[in-house]
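The values are calculated or read from the model by the stated rules, or taken from the named source; none is laboratory data. Bear in mind the structure is a predicted one, so any value in this text is a computation, not a measurement. Don't worry about glycine lacking a Cβ; one is built from the backbone with ideal geometry, like all the others, and counts go over all protein chains shown.
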Amino acid sequence: MNPSPSLPSHSRRRFLRNSSAATAFALAAPSVILREKAFAANSDTLKIGLIGCGGRGTGAAGNALTADDNCVLTAVADAFPEPPKLALAGLKETYGPRVAVTPESTFIGLNAFEKLIDSGIDVVLLASPPGFRPMHLRYAVERNKHIFAEKPVATDAVGLRHVLESVRMAKEKKLHFVSGFCWRSDLPRRALYDRILSGGIGDVKAIYGTYLTGPVKPMPAENTRKPGMTDLEWQLRNWMNFSWLSGDGIVEQCIHTVDKMAWCMGDKPPLKCTATGGRMIPNNEGNIYDHMTVVYEYATGVRGVIAQRQIAGCYNDNSDYILGTKGNAQSGWGVPVIRGEKPWRYDGEKNKDMYVVEHEDLFGSIRNSRNYRFDGEWLASSTALGLMGRLAAYTGGEVSWEDFMKSDEKLSPEGPLAWDMKCPIMPLPMPGRYKPA
């Protein structure tokens, strides 16, 4: 068997996941930011609040503080007390007085997001598990906050429609809204897709995107569950393994690949899709698939194929292959290229961190130093593509865009969340038998 290439070690998400927050920021923070640097708030200072203090949220807060010298983190929120302690330790070590979070502005619990949004912040970073995104997004919009929303924004069709209404409200209020689809802020990828959309490979005929990697966070055995831990706490602490919280692999992780397909197609929705998928490796109580392949069909006849697998010990690939009438494009973690009538290889700036660019665009939009940025529509649309593909895999049927947008599929528990609530785990969906609620 050939050795399996792995995703690059410089993946910030993986780095943060495998390190403590303090260690991660001590090693990874830009050297231009010094703890000793004086900081004094003024009338232009933007106050940031972070909801969700895991690796992704901690990274987003650091990216925001890197992107704009005149912003300050004033509040954090999480369901549990441990993540904020780790996050703040690393952030304070790197950003010093610009991390102005106090015990009074550290909010813990299921309603912590409301307290944070009401604490006087200007910008909110939404980085909790995606199952909470519709609720958090709506509250932020109602309170007129500018938003960075990590992908995806929903885990079922009902939640997505709630998000679409929040997006409409946010746009009417002219709020500034940037998504966590980081590749759209990557300079090499921007150059590539600009060329593709302007005819650089002729007419696009087919797209093949891969997200073949290892499991993100395997489900622990039931006997590791602490006595007295409620069902909700158990699921939240292992949220990647439950579809109502994560959306499954194609929606939570592989959604980046889905989004790049959407980008290539000018964010026009497909007509329909079919899919195969399932679970090869037992996952204790979890109910997500470990592999899925979705075929999207567009009105132009283009087929977009997304292959997702998260199983240890297998061949890995995270690339996009785009076939056109006048050339082919290829993009992975390396430099994107076009081969054909007009060969091209990106040779522009390569060291600009796309995770920082996201926040530079957000703050620049707020400060009117960059174009107004509002990602709400395509953030929701790309999430919908992932959910549509998952529904096709779960049911084994052909799913049209119109049918998905009208679907009653709802995975989240009924009623307000409470630690002692009944939170039954949906059985692993069986194609041909699964019927959305």
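Observations on the structure shown:
- Considering residues of the stretch 282-305 that are touching a Phe, Trp or Tyr at 6+ places or on another chain (Cβ under 8 Å) and of a type in the set (Gly, Ala, Ser) only, the residue modelled with the lowest pLDDT: Gly286
- The listed residue being at pLDDT 95 or above, over 15 Å from Pro429 (Cβ atoms) and either surrounded by 20 or more Cβ atoms within 10 Å (Cβ to Cβ) or under 15 Å from the mean Cα position of the chain (by Cα) (or both), out of Lys272, Lys260: Lys260
- Any hit, the stretch 189-200, residues being at pLDDT below 95, surrounded by fewer than 20 Cβ atoms within 10 Å (Cβ to Cβ) and of a type in the set (S, T, N, Q): no
- Any strands (runs of 3 or more DSSP E) falling wholly within the stretch 295-376 and containing at least 2 residues that are without any contact (Cβ under 8 Å) to a residue 60 or more places away in the chain: 337-340
- Pairing residues of the stretch 419-437 that are among the acidic types (Asp, Glu) with residues that are at pLDDT 95 or above, at Cβ distances under 8 Å and at least 6 apart in sequence or on separate chains, gives Asp420/Thr230; Asp420/Leu232.
- Residues of the stretch 285-302 that are surrounded by 15 or more Cβ atoms within 10 Å (Cβ to Cβ) and not aliphatic (A, V, I, L, M): Glu285, Gly286, Asn287, Tyr289, Asp290, His291, Thr293, Tyr296, Glu297, Tyr298.
- Count - residues of the stretch 345-365 that are surrounded by 16 or more Cβ atoms within 10 Å (Cβ to Cβ) and under 26 Å from Leu212 (Cβ atoms): 5
- For the stretch 305-338, a residue qualifies if it is among the small types (Gly, Ala, Ser) and within 19 Å of Ser198 (Cα to Cα), and the qualifying residues are Gly324, Gly327, Ala329, Ser331.
- Count of the stretch 349-368 residues, restricted to those that are more than 23 Å from the chain's Cα centre (by Cα) and either β-branched (Val, Ile, Thr) or modelled with pLDDT under 95 (or both), is 1.
- Selected residue (only one of Ala393, Ala380, Ala418, Ala437 is at pLDDT 95 or above and either polar (S, T, N, Q) or part of a loop (DSSP other than H, G, I, E, B) (or both)): Ala418
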